[in-house]
Amino acid sequence: MIIRVGHLYPEYLNIYADRGNIAVFTRRAAARGHELRVDPVTLDTPLEPGSHDLLYVGGGQDREQAMIAPDLAARGDTIRAAVEGGAALLAVCGGYQLLGRGYRGRDGSWLEGAGLFPHETLAGETRMIGDVLLESTLDEAPGRTIAGFENHAGRTVLDPGAKPVGRVVAGYGNDGASGFEGCRVGRAVGTYLHGPLLPRNPWLADLLLSWAVAHATGGDPEALAPLPDELEEAAHAVAAARARSRGGKPA
Amino acid sequence: MGARLALEASAARLVGRLSRAAGRGGGTTLPGKLVWKLDPAAVDALAARLDQGVALVSGTNGKTTTTAMASSILAPTRTLAWNNSGANLASGIASTLLDADGADLGLLEVDEFALPELMRRTHPRVVCLGNLFRDQLDRYGELEHIAERWRDAVAGLAPEATLVANADDPLVAGLAEGRESRLLFGVDDPRRARNGLQHASDSKYCIRCGHPYRYDAAYVGHLGAYRCEACGHGRPPLDVAAREIEPDGLDGVSFELHAPDGSVRVRLAVPGLYNVYNALAAASLGLSLGVALDDVVAGLERFRAAFGRFERFSVGDRGFLLLLVKNPAGANEALRTLEEGGVPPVLVVALNDRIADGRDVSWIWDVDFEPVLEGAEHIVVSGERAAELALRFTYAGFPCERLELVSDLQAALDRGLELTPTGGELAVLPTYTAMLELRAIATERGLTRPYWERDGR
């Protein structure tokens, strides 16, 4: 099976080793006999809903994010239609912010988002930086842990009733106050966690891949065959311990 | 020295001696920490004692090597206050200045974040700015933020002070715009250019208008001959340039050094294009302090290696090469140099995640390890985050059966040496704190350094 991946603005949004996430998708798909075809989708590249089984949006530095933000916001309808059509999506850090309704700067400025995730982000005075550990609140994997690293000035506030990705065990999470992290809409997952996210959380990579396969076949998602993940588990254990011992402490 | 400063200085020195006597490391920064805490303005007074003033060196990559090269150039004619232990924060610099009785010139490597304050306090004669790459985002924040702070600091620099800046880095060269007293250096040898920019390059958009730069030649990361086709902004003319660069495997690199007063061929005993940049920075610094071109060249040719940066040790019938890696741009150059010199069959790569290493280890995924993975037979991953490295390499396709995870650094070094064939050289690539530990192990074992012995000041 060929899985078509749209990687949005790879030359602008690549600050936290986003290619690590793509490498994990690629190899884990290959181990199950699937071939991942990654298309860069950048400024002026056309994007059609349904043309990709999985969309990926990474994080960038402020300057780069500002450069692509209007283009991404203008694609809001397309991206929402893609997710409504069952495409999987992973957005990390800046990509997670930009796929919300918008970003309110310290000076009161408003940067329009793509409107996929029901949240708004407010620039904070200090950055929230450190190791993070979550307990998944995803219906498919309740209680499974996700370990990563966060580094964001934005405080992301979910709308009432919006679904987070996980409960914060250690670290700041969305806004350092709610006790939750990330946002999930359909098969779209947005999170601040990088590190990169997927190498040490392979179950989440597999969940997203299973959604992408389902989109490609038009069938229901089926769990992928397990892989030997000893190294992944070892890395996860160290990252989780780091979050517990030195993750951010919300006020 | 005023009475208060004298008192503080002697008290602080006493603390340093006590610290050394108590076996707490070299006592490098403790006296400085005390002075810095008691009275930060003491640094101003300590710097003012130096008759020939102060030269500061900063940048993401290469500042330790650049400063060491500059010391090799300056040492014959100056008595230096040089922070050669790499203690480059305000407290470490305060310690160096405290210990600098009799010195006439300050030669100080300064952390990028600490630079603005130290520029204000030491009133430097020369400030040498090498480059800005993304580095430890968890600690320094984004590149633009550092550049902004530097811009303000340069605006406050005395007009007669010389700004030595890398013309090949758009953000750094931009700081020298409109400044009269400046010396710009860069590489001018398109034969040595890379095929386009690397993955995760920084500063690839015009600093004036945001349009992507066109690179006529990219040498190291985003360093090169750039120009913006939209607004015309581009690399300024070079005052000091390296041309006709000839690499000599892992043993060194030679180049033609073009300076305002002439040009001379230089043979460096350390390899890599990034060391050519370091040499250009050090040469420009020396020239701006009035050192004659021939003496600059002699100094560069005497230079061997800086602390943990391409240091070579011999262990019985084998050797090992210690090569610090700390961020994508620096690691890419280290790897490129290994690749050009012939990839060693065995590598030890060690990743720690303490504050000095960066707690966020995601940067390893932005390093282009792939060409070296193709050439290596065995890799031993080590350090506190060894498993992350193992994932980095296996997801890149390196076979599990040729990868070993040995968390303990000493055991990993031994295992690497064991795997290295007789007469061969093991390459050891550690992050900062792992490098310190490995050097300590080497020193403890009394390992000899075949090419040089670290010379005192």
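The values are calculated or read from the model by the stated rules, or taken from the named source; none is laboratory data. The structure displayed is predicted, hence computed values, not measured ones. When we count neighbours, we look across all protein chains shown, and the Cβ atoms used for this are built from the backbone with ideal geometry, even at glycine.
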query = Are any residues in region A:92-105 hydrophobic (A, V, I, L, M, F, W, C) and closer than 14 Å to A:Tyr12 by Cβ, and if so, which ones?
reply = A:Val92, A:Cys93, A:Leu98
query = Out of (1) more than 13 Å from every other protein chain (Cβ to nearest Cβ); (2) not in a helix (DSSP H, G or I), the odd one out for B:Arg415 is which?
reply = (2)
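Go through the residues of region B:60-69 one by one and say whether even a single one is in contact with a Cys (Cβ under 8 Å, 6 or more places away or on another chain), assigned to a helix (DSSP H, G or I) and in the same structural domain as B:Ala292 (by TED's automatic domain parsing).
Step one: of region B:60-69, the residues in contact with a Cys (Cβ under 8 Å, 6 or more places away or on another chain) are B:66.
Next, from what is left, pick out any that are assigned to a helix (DSSP H, G or I): B:66.
Going one step further and asking which of them are in the same structural domain as B:Ala292 (by TED's automatic domain parsing), we end up with B:66.
Yes - at least one qualifying residue is present in region B:60-69.
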remark   = Within region A:138-154, residues under 25 Å from A:Gly115 (Cβ atoms) and over 16 Å from the mean Cα position of the chain (by Cα) come out as A:Asp139, A:Glu140, A:Ala153
task = Determine which member of the set B:Asp99, B:Asp111 is acidic (Asp, Glu) and more than 21 Å from B:Leu436 (Cα to Cα).
result = B:Asp99
The one condition in (1) modelled with pLDDT of 95 or more; (2) in a helix (DSSP H, G or I) that B:Leu7 fails to fulfil = (1)
Out of B:Glu117, B:Glu160, B:Glu142, B:Glu177, sole residue that is out of contact with any His (no Cβ under 9 Å at 6 or more places or on another chain) and within 14 Å of chain A (Cβ to nearest Cβ) = B:Glu142
key: Members of region B:144-176 that are touching a Ser or Thr at 6+ places or on another chain (Cβ under 6 Å) and in contact (Cβ under 8 Å) with a residue 40 or more places away in the chain   = B:Thr162, B:Val164, B:Pro170
task = Would you check if there is a residue in region B:52-64 being at pLDDT 90 or above and surrounded by fewer than 18 Cβ atoms within 10 Å (Cβ to Cβ)?
result = yes
key: Exclusive hit being within 14 Å of chain A (Cβ to nearest Cβ) and either part of a strand (DSSP E or B) or basic (Lys, Arg) (or both), set B:Val381, B:Val428   = B:Val381
note = If we take region B:257-367, then helices (runs of 4 or more DSSP H) inside it with 1 or more residues that are within 14 Å of chain A (Cβ to nearest Cβ) and crowded, with 22+ Cβ neighbours inside 10 Å are B:328-340
ask   = Do you know which of the residues in region B:93-126 that are farther than 23 Å from B:Ala356 by Cβ and of a type in the set (Asp, Glu) is farthest from the chain's Cα centre (by Cα)?
value = B:Asp101
note = How many residues of region B:150-168 are within 30 Å of A:Thr126 (Cα to Cα) and under 20 Å from the mean Cα position of the chain (by Cα)? The answer is 1
task = Go through region B:368-378 and give me each residue that's touching a residue at least 40 places away in the same chain (Cβ under 8 Å) and either within 12 Å of chain A (Cβ to nearest Cβ) or closer than 26 Å to A:Ala205 by Cα (or both).
result = B:Asp368
query = Limited to region B:302-332, what total is found for residues that are basic (Lys, Arg) and without any contact (Cβ under 8 Å) to a residue 40 or more places away in the chain?
reply = 0
message = I need the full set of residues from region B:104-117 which are buried (at least 20 other Cβ atoms within 10 Å of the Cβ) and either at pLDDT below 95 or not assigned by TED's automatic domain parsing to the domain that holds B:Gly53 (or both), in order please.
response = B:Glu112
task = Specify which of the listed residues (A:Phe180, A:Phe149) is surrounded by fewer than 23 Cβ atoms within 10 Å (Cβ to Cβ) and over 23 Å from A:Ala81 (Cβ atoms).
result = A:Phe180
query = Within the bounds of region B:390-402, is there any residue that is among the small types (Gly, Ala, Ser), out of contact with any Leu (no Cβ under 8 Å at 6 or more places or on another chain) and within 10 Å of another protein chain (Cβ to nearest Cβ)?
reply = no
Selection from region A:11-26 of residues that are within 14 Å of the chain's Cα centre (by Cα) and not hydrophobic (A, V, I, L, M, F, W, C) = A:Asn14, A:Tyr16, A:Asp18, A:Arg19, A:Gly20, A:Asn21
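For every residue, the table says whether it meets (1) of a type in the set (Asp, Glu); (2) surrounded by fewer than 16 Cβ atoms within 10 Å (Cβ to Cβ); (3) within 25 Å of B:Ser314 (Cα to Cα).
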position	(1), (2), (3)
B:Ala387	no, no, no
B:Arg392	no, no, no
B:Gly397	no, yes, no
B:Cys400	no, yes, no
B:Leu405	no, no, yes
B:Gln410	no, yes, yes
B:Arg415	no, no, yes
B:Glu418	yes, yes, yes
B:Thr422	no, yes, yes
query = How do the pairs read when you match residues in region A:65-91 that are among the basic types (Lys, Arg) with residues anywhere that are modelled with pLDDT of 95 or more, using Cβ under 8 Å and keeping only pairs 6 or more apart or on different chains?
reply = A:Arg75/A:Ala114; A:Arg80/A:Ala114; A:Arg80/A:Gly115; A:Arg80/A:Leu116
message = For region A:172-192: of the residues being closer than 16 Å to A:Val157 by Cα and in contact with a helix residue (DSSP H, G or I) (Cβ under 9 Å, 6 or more places away or on another chain), which is farthest from the other protein chains (Cβ to nearest Cβ)?
response = A:Val185
inquiry  = For region A:1-46, which positions are over 23 Å from A:Gly218 (Cβ atoms), among the acidic types (Asp, Glu) and more than 10 Å from every other protein chain (Cβ to nearest Cβ)?
reply    = A:Asp44
inquiry  = Condition (residue is away from every other protein chain (no Cβ under 14 Å) and within 15 Å of A:Tyr56 (Cβ to Cβ)) applied to region A:200-207: is it met by at least one residue?
reply    = yes
